[in-house]
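**Student:** Here it is: the structure, laid out below.
The values are calculated or read from the model by the stated rules, or taken from the named source; none is laboratory data. Remember, it's a predicted structure, so these values are computed and weren't measured experimentally. Cβ: placed from backbone, ideal geometry, glycine included. Neighbour counts: every protein chain shown. When the accessible area is computed, the model is the full protein with side chains, heavy atoms only, and any ligands, DNA or RNA have been set aside. Shrake-Rupley method; radii C 1.70, N 1.55, O 1.52, S 1.80 Å.
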Amino acid sequence: MTNSNLSPETILALSDEQLREIGISYRKISYIRDLSEKITKKELLFEQFSYMGNETVIQQLTPVKGIGRWTAEMFLIFSLGRLDVLSLLDIGLQRGVKWLYSVSKESDGKKLLEEKGKAWTPYQSIASLYLWEVVNQEYVVSYPSFEEYLRSN
């Protein structure tokens, strides 16, 4: 099977053993099958997502096994290119915002992200990319705070 033949129908036609042979766990197989079934039954219409608001897309996706709010938010950012999505449950974003605003690591990152994120609308996704990069570049580990980082440069 080539990528051009990959569709919900071809996935549903494969046995669990065939899917296991390419390295998919049984749990993920159940998730992929549930998603494929919802697509073939027209319960999910991806081509309409671009016309829907963020919360509506999240409500459409989260009934699929294995897709929670975080996954739906990542889909909004990275697949639909939405500019105003802030995933409050994302631990990386919480770490980044604590560092940026020089608050203790023990403080409530979700609450801080929600509070500070309001100022980033309508570009919360862009702010998220920067916060993830702060974590990826290990500034959070290398510098106790954003202020310390500024002093070092």
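**Student:** Would you mind classifying the stretch 64-137 by shape? Square roots of the alpha carbon gyration tensor eigenvalues, ordered a ≥ b ≥ c; an a/c under 1.5 is rounded, otherwise it is prolate if a/b is larger than b/c and oblate if not.
**Tutor:** It is prolate, given that a/c is not under 1.5 and a/b is the larger ratio.
**Student:** Mind checking the dipole of the chain: about its Cα centre, +1 per Lys or Arg Cβ, -1 per Asp or Glu Cβ, Debye to the nearest 20?
**Tutor:** Values: 18 positive and 20 negative charges, 40 e Å.
Taking the Cα centre of the chain as origin, the dipole is about 200 debye.
**Student:** Keeping all protein chains in position, work out how much accessible area S7 exposes to a 1.4 Å probe, and write it in Å² to the nearest 10.
**Tutor:** Its heavy atoms expose roughly 30 Å² to the probe.
**Student:** Can I ask one more? If the cut-off is a Cα-Cα distance under 14 Å, which aspartates and glutamates reach K42, setting aside same-chain residues fewer than 8 apart in sequence?
**Tutor:** Straight-line reach from K42, under 14 Å: E9, D34.
**Student:** Can you give me the distance in nm between label points at L45 and Y130, each placed 7 Å from the Cα along the Cα-to-Cβ direction?
**Tutor:** Each label point is offset 7 Å from its Cα along the Cβ direction, giving 3.8 nm.
**Student:** To continue, here is another question. Excluding T121 itself, what net charge comes from residues whose Cβ is under 13 Å from its Cβ, given Lys and Arg +1 and Asp and Glu -1?
**Tutor:** 0
**Student:** Could you tell me what percent of the accessible area of the stretch 91-153 is made up of carbon and sulfur, with a 1.4 Å probe and every protein chain present?
**Tutor:** Here it works out to 52 percent.
**Student:** At 4 °C and a viscosity of 1.567 mPa s, what translational diffusion coefficient does Stokes-Einstein give for the chain, taking Rh as the Kirkwood radius over Cα pairs? Give it in µm²/s as a whole number.
**Tutor:** Estimated diffusion coefficient is 73 µm²/s.
**Student:** Under a crude label model (7 Å from the Cα following the beta-carbon direction), how far is D108 from E9 in nanometres?
**Tutor:** 5.1
**Student:** Where the only charges are on Cβ atoms (+1 Lys, Arg; -1 Asp, Glu), what is the dipole of the stretch 1-84 about its Cα centre, to the nearest 20 debye?
**Tutor:** Charge dipole, the stretch 1-84, about its Cα centre: 140 debye, nearest 20.
**Student:** Using a 1.4 angstrom probe and counting only protein chains, how large is the accessible area of I11 in Å², to 10?
**Tutor:** 30
**Student:** Now a separate question. Would you calculate, for the chain, the mean residue ellipticity at 222 nm contributed by helices, counting each DSSP H stretch of 4 or more residues as -39,500 (n - 2.57) and dividing by all residues, to the nearest 500?
**Tutor:** Calculated mean residue ellipticity at 222 nm is -16000 deg cm²/dmol.
**Student:** Students often forget the sequence filter, so: which aspartates and glutamates lie under 17 Å Cα-Cα from K98 once same-chain residues fewer than 8 apart are removed?
**Tutor:** Qualifying aspartates and glutamates at Cα under 17 Å: D90, E106, D108, E114, E115, E133, E138, E147, E148.
**Student:** Taking square-rooted eigenvalues a ≥ b ≥ c of the alpha carbon gyration tensor, is the stretch 3-57 rounded, prolate or oblate, where a/c under 1.5 means rounded and, failing that, a/b exceeding b/c means prolate?
**Tutor:** Here the stretch 3-57 falls in the prolate category.
**Student:** Roll a 1.4 Å probe over the protein chains and send me the accessible area per residue for the chain in Å². Please report the intermediate quantities before stating the final value.
**Tutor:** On the way: 9790 Å² over 153 residues.
Using a 1.4 Å probe on heavy atoms only, each residue of the chain averages 64 Å².
**Student:** Quick one: go through the stretch 76-101 and flag any residue whose amide nitrogen is under 16 Å from the point 7 Å out along the Cα-to-Cβ line of K116.
**Tutor:** 86-101
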